[in-house]
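Novice: The following block contains the structure, expressed as structure tokens.
The values are calculated or read from the model by the stated rules, or taken from the named source; none is laboratory data. Computed from a prediction, not measured in an experiment: that's the story for all the values here. Note: ideal-geometry Cβ built from the backbone for every residue, glycine included; neighbour counts use all protein chains shown. The area values use the complete protein model at the heavy-atom level, side chains included, leaving out ligands, DNA and RNA. Shrake-Rupley method; radii C 1.70, N 1.55, O 1.52, S 1.80 Å.
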Amino acid sequence: AAGADNDLYINQAVVFIEDAIQYRSINHRVDSKSLWLYRWYYSRICQWILGLTITIILALAFIETPSSLTVTSDIRYRLPPWDPPCGLTESIELLCFLVFMIDVSVKSYLIGWEEFRKTKWLMAYILTLIVSLADWIVSLSFFCTENVRIRRILRPFFLLQNSSMMKKTLKSINSTLPEMASVVLLLAVHLSLFTMFAMLLFARTKDGQQDKEWVGYFRNLPDSLTSLLVLLTTANNPDVMIPAYSKNRAYSIFFILFTVLGNLFLMNLLTAIIYNQFRGYLLKSVQSSLFRRRLGIRAAFEVLCPLKETPANAQELYVSVGDLFQVLQKVEMDSRCKRAIMRSLKTCSCDRLSAAQFQKLFEELDKDAVKQHPPSPEYQSHFMRKMQFAFGHPYFGYLGNVVALANIVSICVVLVMDADKQPSERDDFFLGAINCFFILYYLLEMLLKILAMGLKRYLSYPSNRFDGLLTGILLILEIATFAVYGFPHPGWRPELMGLLSLWDMVRLVNMLIVFRFLRIIPNMKFMALVVTTLLDLVKNLRAFAGILVVVFYAFAITGIMLFKGAVVPMGNIRKNVISWLSSITFRLWLFTIYVIYLLSFNLICRWAKTYFVAWWLISSVIWVNLFVALLLENFIHKWDRRCHREPLSDIEYQRTVELMFRDVLEEPTEEELMERLHQHPHLHLCR
């Protein structure tokens, strides 16, 4: 029995540490069977299956009716899309629902009834599944002929609820809405006042020839409001003011004042408020993540304490180093962190750890991920050492940048000279020759760098991997060109032969050469700072991008249901633009402003204004400003670190969103941790 208890305590500590690593809540069942089920549920294979299921159910919209998954989006020329038989996509959907039901059942069981009642996300999960299954049954009963499928709009919820960071981000956005609403209200007041001024300024007169502004933009209140709303997006600027400006130049003052107050002041004020408020709420969210990590580590310490015989009069509890070794061998964690913790334990002179020592040991999880480059090879030959010094020097890299710039300039000169020539008149000898010369230089440069740095050190730099990959592709394309068409010679002209024409191959080589010029970015410190900021956003803000996918998907499905069949191939060319609305693949982001502009011409139902205005408010006004806020925060954070720490040439620092705010977070006190542990619904501590 004692051995079974010891194994249980070890497994509890393993799970609690894994919870701390992933910032998960520890409020779940801790008996042996539940711990096994918990680790199985959060295993890579189970989470991969769940992620694949979410991807499949979201991707069904691309083949479901109505679908326009065709090469062209123009309804005049595209072929009829594939119409899957009734029951095919529904069967796939049912399998996805079964996976989701297993998912919610396991989650509900593991946290217990008391925690389940407090978890609104799980209750919403169950409600979404019930509504989706009911709608699925209705769909089959109508033999898949119904036009409205509610479950399609609910699908993004499955993506949303599966990410804890996404839910935290959404909660932060929800908390920011009251402050944003005040500025949006001020924006609405600004819009309403200028609408009334516009209707007074551009009222109908007796002379119909002078009423072009009234006829086109300010005929009535809805048209006036729409025209100025579109002007706020600058989509109809300067078209909206041209008739009035042609009549009297003084009318431009009205439009200038509207644009300056709306775009320069109110919209930027909204960005400032969102940055200030959202950063504060996101900081609170990250603070709670830190508390979860500290709580998980402390919970692991508390369950390991009974394994160490402690005197009855001891004032402090301890954990055996040997027991911690057993735990670490079972824990699924980053190999770098595990090696660092193991190394610290081996160098520790004591055989037991206090709570403070135990917690400090796992602070390795909070540190920057450090990547140290391998050392350069050591040559015995004096000549080789001189070559290593010459070709490993930064000046050799600068020379390569100058050569790359010369390559770009030469390509630009050739393109300008051949811009007006017919394909039959074009001679590709010069372009082929200079491409051959520069590609040979790039190959020689890569080989010399490998000689100086060694292959492992060369490949440890992302810029070198990028450079080497493109050089290899360029070399393969050049060899293929020579094999098919021979070496460059006067009169070398494009001819169709095989899969690609000569001009296509040369053009592809030139595009890669232009792309290769990005190698200069690491050598320009300020540009490198900007680029690394953007890359960090791409890598770390998956939750933010996930919510963006949710918004796009929901509006796309709603647009399909609202505007399906509203446009026929015949008619005004402007109507053909609206045909994008009948497709899941229509580009909401790119065409939103133009479609709002078309609304002022009453090409579609007036109720569509509500749809597009809501889309503009959520995507452009709110979401873009939120992205700008996080971009500013990330950039300012990197800039501050750059000012306070000199960059080391052989070390790269990689940071997550949580580590972005690490310097301003507060450590939880021991009293707070113990109070929360004693509130655990399934864990009963001895003290």
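Novice: Need the failing condition index for Val99 against (1) open to solvent by 40 Å² or more (accessible area, probe 1.4 Å); (2) modelled with pLDDT under 95, just the number.
Specialist: All conditions pass for Val99, except number (2).
The rows are residues; the columns are (1) modelled with pLDDT of 80 or more; (2) within 25 Å of Ile45 (Cα to Cα).
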position: Leu94; (1), (2): yes, yes
position: Ile111; (1), (2): yes, yes
position: Thr119; (1), (2): yes, no
position: Leu122; (1), (2): yes, yes
position: Ile126; (1), (2): yes, yes
position: Leu140; (1), (2): yes, no
position: Asn147; (1), (2): no, no
position: Arg155; (1), (2): yes, yes
position: Val184; (1), (2): yes, no
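Novice: Yes or no: the stretch 77-95 includes at least one residue that is over 20 Å from Pro66 (Cα atoms), open to solvent by less than 60 Å² (accessible area, probe 1.4 Å) and assigned to a helix (DSSP H, G or I).
Specialist: No.
Novice: Additional query: Can you spot a residue in the stretch 344-366 that is touching a residue at least 60 places away in the same chain (Cβ under 8 Å) and over 24 Å from Pro306 (Cα atoms)?
Specialist: Yes, because at least one residue in the stretch 344-366 is touching a residue at least 60 places away in the same chain (Cβ under 8 Å) and over 24 Å from Pro306 (Cα atoms).
Novice: Being in contact with a His (Cβ under 7 Å, 6 or more places away or on another chain) and not polar (S, T, N, Q) is true for just one of Arg465, Arg457. Which residue is that?
Specialist: Matching residue, one of Arg465, Arg457: Arg457.
Novice: Of the residues Val30, Val71, which is β-branched (Val, Ile, Thr), out of contact with any Ser or Thr (no Cβ under 7 Å at 6 or more places or on another chain) and surrounded by fewer than 14 Cβ atoms within 10 Å (Cβ to Cβ)?
Specialist: The conditions single out Val71.
Novice: Filter the stretch 7-44 down to the residues that are in a helix (DSSP H, G or I), closer than 26 Å to Pro156 by Cα and under 23 Å from the mean Cα position of the chain (by Cα) and list them by number.
Specialist: Arg44
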